[in-house]
1. So between Tyr65 and Asn96, what do we pick up on full extension, going 0.36 nm a residue minus the alpha carbon distance?
2. Could you tell me which of Pro95, His21, Tyr152 has its Cα farthest along the dipole of region 2-329 towards the positive end, charges placed at Cβ (Lys, Arg +1; Asp, Glu -1), taken about the Cα centre?
3. State the Cα centre-to-centre distance between region 429-446 and region 555-622 in whole Å.
4. Can you bin region 342-553 into rounded, prolate or oblate? Criterion: square roots of the alpha carbon gyration tensor eigenvalues sorted a ≥ b ≥ c, rounded for a/c under 1.5, prolate for a/b above b/c, oblate for the rest.
5. Express the relative contact order of region 2-329 as a whole percentage, based on alpha carbon pairs under 8 Å and six or more residues apart in sequence.
6. Give the angle, between 0 and 90 degrees and rounded to the nearest 10, that separates the Cα long axis of helix 504-525 from the longest principal axis of the Cα atoms of the chain.
7. For region 135-206, with the dipole built from +1 on Lys and Arg beta-carbon atoms and -1 on Asp and Glu ones, taken about the Cα centre, which of Ile169, Tyr200, Ala182 lies farthest toward the positive end?
8. Assign unit charges at the C-beta atoms only (+1 for Lys and Arg, -1 for Asp and Glu), then state the dipole size of the chain relative to its Cα centre in Debye, rounded to the nearest 20.
Amino acid sequence: MIREQNLFFEITTNHTSYWFHILPSGHPEHLYYGPRIEAGADAERALADRPVYLGGNGISYSKEYPLVGLEELCLEFSALGHGDVRDPFVTVLYPNGSPVSDFLYEGYQIRDGKSGMQTLPSAYAEEDHQDNRGNAPDCVQELTLTFRDRNYGTVLELIYAAFPDCDVITRRSVLRNEGSRAAEVQRLMSLQLDLADSEYDWHTFTGAWAREFNHQTDRLHQGRFVSESRCGLSSSMNNPFVMLTRPNTTETAGLCYGFNLIYSGSHQEEAEVNAYGKTRILTGIQPDGFSWKLEPGEELEAPEAVMTVTDGGFGALSRSMHRFVRHHIVRGAWKDRERPVLLNSWEAVYFDFNEEKLLEMAKTAADTGIELFVLDDGWFGRRNDARSSLGDWYVNREKLPGGLGELAEKIHSLGMQFGIWVEPEMICVRSHLYEEHPDWAVAVPGTIHSEGRNQRILDLTRQDVRDYIVQAMSDVFSSARISYVKWDNNRIFTDLFSAAGTRPGEFLHRYCLGYYEVMDRLVHAFPDILFEGCASGGNRFDLGVLCYMPQIWASDDTDAVCRAMIQTGMSYGYPMSVISAHVSASPNHQTGRYTPWATRFGVACFGMLGYELNLASLSEEEKQMVQRQIAFYKEHRKTFLSGDYYRLVSGREDDFEKGIWQWMCVAEDQSEAIGFFLQRQFVPNMSAAFFRTQGLDEHALYRFRDFQVGSGLGNEEDFTLSGSLLDHAGVRLTQAYAGEGRKPGTRYFSDAASRLYVIEKAE
Ligand code: GLA
């Protein structure tokens, strides 16, 4: 619900409140964002800054408003030049050479529902949406505030949308040049949140190729704390999802803010503590290197930012974000649809395959219950290694004499669907496409080029290049019965230059807009295809991608123990339904680690399950085990897809005794839950362990059992217990082998061992 009274604005979701008001000077002062509160008669006065004097060298905004000191105020947005020396929300270089702005309040509008965006994907409000429990639609409302620069006529709109059921508020901004001369936008952020103190921890998710989403925590103090990408993609180095918490916040209690951005390009999230101990959060497009020419009459949109807050700790925050992503980001035919269990050819055969080899694997796959066969890299041009052919999207007849069409039919006749890998944004110098269009590649003419994975990026700021990609992909997607596409992107931006003259300061954002245009055209042309995003694993894992593709390949690291950490990191901001995870070979191809089957399966089934190893080479016994795993997954996959996710225990890699991860997914109707227990390392002389659940129906009885596919052991646990006992006391698990007592009836936990627990409502 959004309300205004005498320029005091209240945005309310089921459990949160967001308040601000407009000062007589025309500046918007932020008053509160946190757990839901009710206003008393003096609420506004009690929360507002009420200066009687400005200290020492303080700057007052104007003669008319001598006590408005912008340096100290909590503001809804800030511009450069009238006293606020923190990082600004918006910076415009005006035609007279001045970067000083003076945006003042002009008006507001509240509407039911939510407007879309012109150039960028955004969260959507599905009017007739009902969740599985039959709840009423989320009544989304939107507020637009307008500010006008009193000197130049530039207009800034701040747009807020409230999603009551998910406790999410989104924010975005639009800058319009209503002046008579061109201006240069040097930054336009999406979200600014100024908080009155700085007793906070700043949580970011950092990483690199094959080790994405490490949860990092910094205690704030005066200065700037920045999480950002400068490589043109949202990146595995710093994900746009960040959190801000009180230092004592835990998984189940405490103040916790979460922020994300619906954007796939270079971005920045910053927490800045100023000289007065106030904290400013700013998120949006990476301002460094950004510069956008705005002609009279033109406007620039900033991506939509997402925020939520709770006093229920990290867990409650994650579940709000999960609901929001599932209901308002992911869309299309596959939004709520159970995803097929797939076999991917990459780690099974890499580039070394022909039709016969693929069909041999496919036959075994079909026998085990796999539903989708995915042919990864290597099927096109002369692509026998990663050195050539990106851009030549026609089938390699030496490997596949009957083409994709015939292979797809053979796969279908085995009872499976067929899917394919593509990397359309790229070009190899060794390709026909490059011979025809060398100027389509992003490269500075006449200089050495810094190559990445032997490939260059196509200039998607150009309409002719975008049209080519849409045409080439449409040809591929309609050349065979294709129901799934893995859309990869394997290098970051360097050597920026557009032969079409795209301005350097606009290049990366225009590229991202071009990528969205291509995706938009293709997902509408092929609405039934399940698209999966990928960028060397998780190098473009963000809400922008998820507006087009319901799931993303989380990491090129398929080692189950590494994946447990990566997927735990992702789970803070993203639901399991968008995380693609595969069972791969042991020893693992990235780490060389030996990991039990049960653990490889347990970790992967908490995401969208696939297999990525040569099934044809398995023993009969192993094949039967895979069959039982897949049957188990199919029985419970609705719970993994749409259930509530809980991090019960989050282990620490560096701690011998604390290397334990416990997760749980509870079905939306609480009729069943699946638990998972992973211990990174065997621990001697530690034989006792508990499994304490969360989120069960406390008044119901549940049967709690372990599910041990592949361990060769018998069942260890079988209890019928109340939901309240399981949630509060937990189950004492069977005593573990711990250097003594290895006999039937002990819980044997070798390195990287795990268990799955099935918790079902008893009749
Ligand atoms: C990237 C992807 C992998 C695989 C290879 C193929 O690395 O992340 O999953 O598709 O490309 O070249």
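Computed from the coordinates by the stated procedures, all read-outs in this text should not be read as laboratory data. Since the model is a prediction, treat every value here as computed from it, not as a measurement. Glycine also receives a Cβ, built like all others from the backbone with ideal geometry; neighbour counts cover every protein chain displayed.
1. Residue separation times 0.36 nm, minus the Cα-Cα distance, leaves 8.6 nm.
2. Of the options given, the answer is Pro95.
3. 37 Å
4. It comes out prolate by the Cα gyration axes.
5. Here the relative contact order equals 17 percent.
6. Long axis of 504-525 versus the principal axis of the chain: about 50 degrees.
7. Going by the Cα projections, it comes out as Ala182.
8. For this selection, approximately 1000 debye.
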